Amino acid sequence: MLAEAQHALGQIEDGLATVAEALAFVEQTNEHYIEADLYRLQGELTLDSDAASQACNVELNAENCFQRAIKIAKRQQAKSIELRASTSLARLWQQQNKGQEALRLLSEVYNWFSEGFDTKDLQEARALLDELG
């Protein structure tokens, strides 16, 4: 939650440091329940970092974070986290003119849900699907 707040306040480097600490804690304690969302957040922070304007591989690093988050969420059967990470990756792919890939990825996980369509995550995913489709 601290890293999310730091992100919202524009404290990107602090947010990245907080995520790094949290990921180290995950490894130390073997408490992996939040790991997927930490990688998603690391990807979001990476895209917003100062390095984003200086390095050409920032998008690739962020994409790797999102892919890792999706993989972990699938393994844990954490559909809400998978949806959030897929939305983040689909947004990135949309900016990279990979709209069809983004649509395929996001619609696959979105269509799994049968309720909860008034939640923020599902509303954001639906809005992005509408843009992509």
From 86, 80, 114, residue being hydroxyl-bearing (Ser, Thr, Tyr) and part of a loop (DSSP other than H, G, I, E, B) | 114
Looking at (1) over 23 Å from residue 2 (Cα atoms); (2) at pLDDT 95 or above; (3) among the hydroxyl-bearing types (Ser, Thr, Tyr), which is the only condition residue 86 fails?
-> (1)
Condition test on residue 57, is it under 24 Å from residue 131 (Cβ atoms) and surrounded by fewer than 13 Cβ atoms within 10 Å (Cβ to Cβ)?
-> no
Inspect all residues belonging to region 59-70 and state whether any of them is more than 20 Å from residue 23 (Cα to Cα) and assigned to a helix (DSSP H, G or I).
-> yes
Among the residues of region 76-88, is any surrounded by fewer than 16 Cβ atoms within 10 Å (Cβ to Cβ), farther than 18 Å from residue 122 by Cβ and in contact (Cβ under 8 Å) with a residue 12 or more places away in the chain?
-> yes
So, in region 18-47, of the ones that are among the charged types (D, E, K, R) and buried (at least 16 other Cβ atoms within 10 Å of the Cβ), which residue ends up farthest from the chain's Cα centre (by Cα)?
-> 35
Among the residues of region 48-69 satisfying the criterion of being among the charged types (D, E, K, R) and at pLDDT below 95, which is farthest from the chain's Cα centre (by Cα)?
-> 50
Quickly run through region 117-132 and pick out the residues that are surrounded by 10 or more Cβ atoms within 10 Å (Cβ to Cβ) and either of a type outside the set (Phe, Trp, Tyr) or in contact with a Gly (Cβ under 8 Å, 6 or more places away or on another chain) (or both).
-> 119, 121, 122, 123, 124, 125, 126, 127, 128, 129, 131, 132
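The values are calculated or read from the model by the stated rules, or taken from the named source; none is laboratory data. On a predicted model such as this, the values are computed, not experimentally measured, just so you know. So basically every Cβ, Gly included, is an ideal-geometry build from the backbone, and we count neighbours across all protein chains shown.
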